[in-house]
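K.L.:
Okay, handing you the structure first.
The values are calculated or read from the model by the stated rules, or taken from the named source; none is laboratory data. Remember, it's a predicted structure, so these values are computed and weren't measured experimentally. Glycine also receives a Cβ, built like all others from the backbone with ideal geometry; neighbour counts cover every protein chain displayed.
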Amino acid sequence: MTTAPNPAPKHPDKPPVVAKEKSPAVISMGWLHTAKFLTTAPQLHFLPELDVPEIAFVGRSNAGKSTCINTLTQQKQLAFASKRPGRTQHINLFSLGKQGVMDAVLTDLPGYGYAAVPKQDKIRWQQVMANYLVSRKNLKGIVLMCDPRHGITELDEVLLEVIRPRVEEGLKFLIVLTKADKLKKGEAERVQEATLKGVSKRGAAYPAVIVTSAEKGDGMPELRAEIMRTTGVTL
Ligand SMILES: Nc1nc2c(ncn2[C@@H]2O[C@H](COP(=O)(O)OP(=O)(O)OP(=O)(O)O)[C@@H](O)[C@H]2O)c(=O)[nH]1
Ligand SMILES: [Mg+2]
């Protein structure tokens with residue numbers, strides 16, 4: 001009896017599929033993409049008390065806070081951004097978490113230093129912000145956003161003093177230089193170094209300074225990973 005030769009296998013053995021480890025940049029990008037509007041309030045005492053870590057974005061008006069939140073989360077209109085300074089006038093919270101389970105919150109705060117705002121409003125906003133930064137219990141990190149063409153301004157220094165006690169107690173503090181696409185080549189590194197030197201001279205806890213561009217995406221993977229690390233969320 002003759003036996004037919006074995007037919008060639010239709011699917012020659014493939015190497016086993018080894019699941020690739022996802023990098024912190026990829027994991028944090030997916031996580032931040034889950035951001036949803038949670039609530040808005042004119043003052044701290046109207047906000048719900050939460051027990052998940054919160055990261056606040058602060059800085060001068062027009063520095064690029066709302067735009068940065070949209071870029072980090074890859075959502076075009078989550079936070080209201082505008083050419084007109086003074087666009088954000090409330091404390092806005094955005095929840096993060098997979099499968100609808102909130103595990104952290106991002107906060108977009110009104111900017112300070114906008115000249116065209118009446119003095120009374122300016123004082124009120126500054127008090128709202130200072131009160132939030134000093135008293136919000138679940139606040140785990142502050143991201144100070146600065147336009148590198150202005151650097152750290154006097155008003156930013158006032159903010160540094162307001163948050164100093166909390167930073168000394170262990171609150172994470174990051175400086176983000178925005179709009180890097182508006183700088184000439186090499187200038188970003190120079191401003192980054194000068195900012196670091198300036199801040200550490202003032203005795204603030206040594207912060208990381210990240211250079212970003214919402215236009216080009218520079219620095220976003222680094223900032224996403226840093227935010228996720230600060231919240232302590234692991235996926
Ligand atoms: N070229 C460039 N423009 C940017 C970048 N980030 C923000 N902008 C622009 O800067 C302007 C202000 O941005 P916003 O995000 O509204 O600034 P904000 O800090 O939230 O301002 P307030 O809400 O007033 O405190 C807008 O016209 C943005 O398009 C960036 O990385 N590159
Ligand atoms: Mg804004």
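K.L.:
Output the residues belonging to the range 114-135 that are surrounded by fewer than 20 Cβ atoms within 10 Å (Cβ to Cβ) and within 21 Å of Val167 (Cβ to Cβ).
P.N.:
Quick first cut of the range 114-135, residues surrounded by fewer than 20 Cβ atoms within 10 Å (Cβ to Cβ) only: 114-124, 126-128, 130-131, 134-135.
Across the range 114-135, the qualifying residues are Gln126, Gln127, Val128, Ala130, Asn131, Val134, Ser135.
K.L.:
Among the listed residues Thr195, Thr178, identify the single one that is crowded, with 16+ Cβ neighbours inside 10 Å and within 14 Å of ligand 1 (Cβ to nearest atom). Don't jump to the end; show me each part of the working.
P.N.:
Details: Thr195 fails: within 14 Å of ligand 1 (Cβ to nearest atom).
Step by step, each of Thr195, Thr178 is checked, and only Thr178 is crowded, with 16+ Cβ neighbours inside 10 Å and within 14 Å of ligand 1 (Cβ to nearest atom).
K.L.:
Restricting to the range 73-85, and then to whatever is at pLDDT 95 or above and among the polar types (S, T, N, Q), can you tell me which residue is farthest from ligand 2 (Cβ to nearest atom)?
P.N.:
This residue is Gln74.
K.L.:
From the residues in the range 60-72 that are more than 9 Å from the chain's Cα centre (by Cα) and more than 9 Å from ligand 2 (Cβ to nearest atom), which one is modelled with the lowest pLDDT? Before the answer, list the steps.
P.N.:
From the range 60-72, those more than 9 Å from the chain's Cα centre (by Cα) are 60-64, 66-67, 70-71; that's our starting set.
Within this subset, residues satisfying the condition of being more than 9 Å from ligand 2 (Cβ to nearest atom) are 60, 70-71.
Details: Arg60: 93, Asn70: 97, Thr71: 98.
The residue in question is Arg60.
K.L.:
Could you please give the count of residues in the range 96-106 that are within 13 Å of ligand 2 (Cβ to nearest atom) and either surrounded by fewer than 22 Cβ atoms within 10 Å (Cβ to Cβ) or farther than 13 Å from Lys65 by Cα (or both)?
P.N.:
Here is the first cut: in the range 96-106, the ones within 13 Å of ligand 2 (Cβ to nearest atom) are 106.
Then drop every residue that is not either surrounded by fewer than 22 Cβ atoms within 10 Å (Cβ to Cβ) or farther than 13 Å from Lys65 by Cα (or both), which leaves none.
Selection size over the range 96-106: 0.
K.L.:
Please go through (1) of a type outside the set (Ser, Thr, Tyr); (2) out of contact with any Lys or Arg (no Cβ under 8 Å at 6 or more places or on another chain); (3) assigned to a loop (DSSP other than H, G, I, E, B) for Arg124 and return the number of the only condition it doesn't satisfy.
P.N.:
Against the list (1) of a type outside the set (Ser, Thr, Tyr); (2) out of contact with any Lys or Arg (no Cβ under 8 Å at 6 or more places or on another chain); (3) assigned to a loop (DSSP other than H, G, I, E, B), Arg124 comes up short only on (3).
K.L.:
Moving on. For the range 99-119, name all the residues that are assigned to a strand (DSSP E or B) and either touching a residue at least 60 places away in the same chain (Cβ under 8 Å) or more than 9 Å from ligand 1 (Cβ to nearest atom) (or both).
P.N.:
Initial filter on the range 99-119 (assigned to a strand (DSSP E or B)): 104-108, 112.
Result: Ala104, Val105, Leu106, Thr107.
K.L.:
Working carefully through the options Thr34, Thr88, find the one that is among the β-branched types (Val, Ile, Thr) and at pLDDT 95 or above. Let's see the steps before the verdict.
P.N.:
Working: Thr88 fails: at pLDDT 95 or above.
Answer to the selection: Thr34.
K.L.:
Okay, next question. Just to check your reading of the model, which residue among Val143, Val167 is at pLDDT 95 or above and of a type in the set (A, V, I, L, M)? First the steps, then the outcome.
P.N.:
Numbers: Val167 fails: at pLDDT 95 or above.
Within the list Val143, Val167, the selection yields Val143.
K.L.:
Another question about this same structure. Is it the case that Ala25 is touching a residue at least 12 places away in the same chain (Cβ under 8 Å) and part of a loop (DSSP other than H, G, I, E, B)?
P.N.:
Numbers: touching a residue at least 12 places away in the same chain (Cβ under 8 Å): yes; part of a loop (DSSP other than H, G, I, E, B): no.
Spelling it out, it is not the case that Ala25 is touching a residue at least 12 places away in the same chain (Cβ under 8 Å) and part of a loop (DSSP other than H, G, I, E, B).
K.L.:
Among the candidates Leu109, Leu93, which residue alone is more than 23 Å from Asp147 (Cβ to Cβ), within 16 Å of ligand 2 (Cβ to nearest atom) and in contact with a strand residue (DSSP E or B) (Cβ under 6 Å, 6 or more places away or on another chain)?
P.N.:
Working: Leu109 fails: more than 23 Å from Asp147 (Cβ to Cβ).
Answer to the selection: Leu93.
K.L.:
Can you name the residue in the range 59-78 that is buried (at least 24 other Cβ atoms within 10 Å of the Cβ) and aliphatic (A, V, I, L, M) and, of all such residues, is farthest from ligand 1 (Cβ to nearest atom)?
P.N.:
If we take residues in the range 59-78 being buried (at least 24 other Cβ atoms within 10 Å of the Cβ) and aliphatic (A, V, I, L, M), then Leu72 is farthest from ligand 1 (Cβ to nearest atom).
K.L.:
Another question, if that's okay. Among the residues of the range 44-69, what is the count of those that are part of a helix (DSSP H, G or I), under 19 Å from Leu159 (Cβ atoms) and hydrophobic (A, V, I, L, M, F, W, C)? Talk me through it step by step, then tell me what you get.
P.N.:
Of all residues in the range 44-69, those part of a helix (DSSP H, G or I) come to 44-46, 65-69.
This time we only want the ones that are under 19 Å from Leu159 (Cβ atoms), so: 44, 65-66, 68-69.
In the following step, the residues that additionally are hydrophobic (A, V, I, L, M, F, W, C) were identified as 44, 68-69.
Here the count works out to 3.
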